[in-house]
Structure formats: C-alpha cells, structure tokens
Amino acid sequence: MEWLTEEKIPVGKLAKAAFDWLKDNFEWFFESLSTAMETLIDGILWLLITPHPLVIIALFVALTWVIQRNWKTCLLVLIGFVFILNQDYWKETMQSLTLVLSACVVCMGVGVPVGIASAHRPRLYRSLVPVLDLMQTLPTFVYLIPAIVFFGIGMVPGLIATVIFVLPAPIRLTHLGISSTPVSLLEAARAFGATKRQVLWKVELPSALPQIMAGLNQTIMLSLSMVVIAALVGANGLGVPVMRALGQVNTALGFESGFVIVVVAIILDRMLRMDRK
C-alpha cells in the first residue's frame, strides 16, 4: 500500500495557499471585520462591566420574568448569579457572556435571514447542507488556525471561531420552522390577498418562532461550549482559569471555574426556555 501514499493529494498545501492568498488580497476586509467585531465586543462588555453587579443581576431577573413569567425561574437566576459573585468570578463571567452575546448577535443576524432564504429556495438549502455539515464536523481547534492568521490574538479570533462553529444551528432551525408552516395557513393568507412580505411577517415567522427561539437557545449553549477553546487564542473569560487549572493540575481551580460555566449555562437555558409549565 506504499504506492498509495507516495503522491499525496495536497490538501494541506492547497489550504495554506488559499489562506495566504486571502490574507494578501483581502487584508483590508479582515481589518474592517476585526474593527467591527472589536467595537461590538467592547460595547457589550462595557454594558455588562460598568454597572454594579447587583444592577446587572436585577436586569437579568427582570428579563427572565418578562420571558418566562415564572417566579421560580427568576429565583433560580438570582441564586445562580449570587453564587457567581460568591465565587469571585463576576468579571470572567461577564467577559464570557460578552463572547456569547456577540456570537448571538452575529449568528442570529446572519442565520435567520439565510434560513428564511433557504426555506424559500430548496436548491439553495441543498447547496448549503454540505457547507453546514463541514462547519459542524470539522474539529473546532482547526478554526483557530485561520482565525489567528487573519485576526491575531484576542477576543476577535475567539468570536470568529465561535461563529463558524455555531452558525449552522440557527440556519437549520430557522429553515425547519419556516418550512414547517402549515399549508392551510399559507393558503388562507394568500386567499385574503396577502403579499409575500405579509405572509412572511404575519404567518411564517410567528409559526416558526418556537424553532427560531430553539435556534437562539442552541446558539447560546454552543457558544458557551466554545469559551474554553476560545481562551487558547487569547479570549478572556471563564476559559482562562480552566486553562490555568489544566496547566497547573489545580483541581480546586478547575472545579470552581468549570462549575461556574455550568451555572451560567443553566441560567441562560432556563431564561430562554419556551415552555412555561
């Protein structure tokens, strides 16, 4: 079988050549994108860090009440944030939430329109499926390499890698929701003379709202799962103490920071659940 490996298909060399060409010819684009992402991250981080922690906790509890209308869920959110304060991980938590919220803004801003377009154009969705599969199955560490090449070290490459990994979820779920709109509703709307825009905004989107919210939930959970990996490229947040604990074999630090990540995940998941029973 040695003859089979004598002439390797130059996958790695072609990828390197493609990245080098992109860097040389589109450096202006990556710099503009980096500036936009930095502005978004700095703005969200300022909103979360500047007020007193108790103000942020009160806002999250109030938002939970608006979404869920359940005092038990509000109490759970309150206890979770108080626990984070008690463990002295408030700043790291806000930095991680900044990464998560930034990824949500980008992923939902891109994923929902693409999902709607692909639901209305089956050929487009069929062409997107292999790309979405590649984005979800390629090891996440591989995303970090071009992110570093194009954007250097810091929060921006962590955000870009997170977006690449997370983006398929809102696209798929939005496509599912729009495609699952009952035919009877569509026919009724068209029979009453609704335009395509009216059908989209008044029939399809309300019908697909549970799936879109599920896509938002998945976006947040998957973004949170990238917190530790993003720390490898200099992203601040809860991933930093986890990586430090791994390097020092520090069990106490590892369990502290890891458990705080779990608490944040529970808080966000309960806040955005669609079922209110």
Taking alpha-carbon centroids only, segment 190-242 lies from segment 163-183 a number of Å equal to 9
From the phi angles alone, apply the Karplus equation (6.51, -1.76, 1.60; θ = phi - 60°) to segment 247-255 and give each ³J(HN,Hα) in whole Hz, x where the residue is Gly or Pro. x, 9, 6, 9, 4, 4, 5, x, 5
Give me the percent of the accessible area of the chain that comes from carbon and sulfur atoms, probe 1.4 Å, all protein chains in place. 68
Overall form of the chain per C-alpha gyration tensor (a/c, 1.5; a/b vs b/c): oblate
With runs of 4+ DSSP H residues as the only contributors, calculate the mean residue ellipticity of the chain at 222 nm using -39,500 (n - 2.57) per run, divided by the residue total and rounded to the nearest 500. -26500 deg cm²/dmol
Relative contact order, percent, of the chain when contacts are C-alpha pairs under 8 Å separated by at least 6 residues? 24
Accessible area per residue of the chain at 1.4 Å probe, in Å²? 57
Highest mean first, how do 220-231, 160-171 rank when packing is the count of other Cβ atoms within 10 Å averaged over residues? 160-171, 220-231
Count of lysine pairs in the chain with Cα separation under 29 Å (8 or more residues apart, or interchain): 6
For residue 54 and residue 207 in the same chain, what is the full-extension length gain: residue separation times 0.36 nm, less their Cα-Cα distance, in nm? 51.4 nm
Derived scalar couplings ³J(HN,Hα) [segment 150-161; Karplus, 6.51 cos²θ - 1.76 cosθ + 1.60; whole Hz; x for Gly, Pro]: 8, 10, x, 10, x, 6, 4, x, x, 5, 4, 4
Give the calculated FRET efficiency between residue 29 and residue 63 to the nearest 0.05, with a Förster radius of 41 Å applied to their Cβ-Cβ distance. 0.70
Note on segment 126-207: the mean projected area of its alpha-carbon convex hull, in nm², is 7.1
Starting from the Cα-Cα distance between residue 251 and residue 185, subtract it from 0.36 nm times their residue separation and give me the gain in nm to one decimal. 18.1 nm
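The values are calculated or read from the model by the stated rules, or taken from the named source; none is laboratory data. Being a predicted model, the structure only gives us computed values, none of them experimental. Cβ coordinates were reconstructed from backbone atoms using ideal geometry, including for glycine residues, and neighbour counts include every protein chain displayed. For the accessible areas, the whole protein counts, side chains as well, though only heavy atoms, and no ligand, DNA or RNA atoms are used. Shrake-Rupley method; radii C 1.70, N 1.55, O 1.52, S 1.80 Å.
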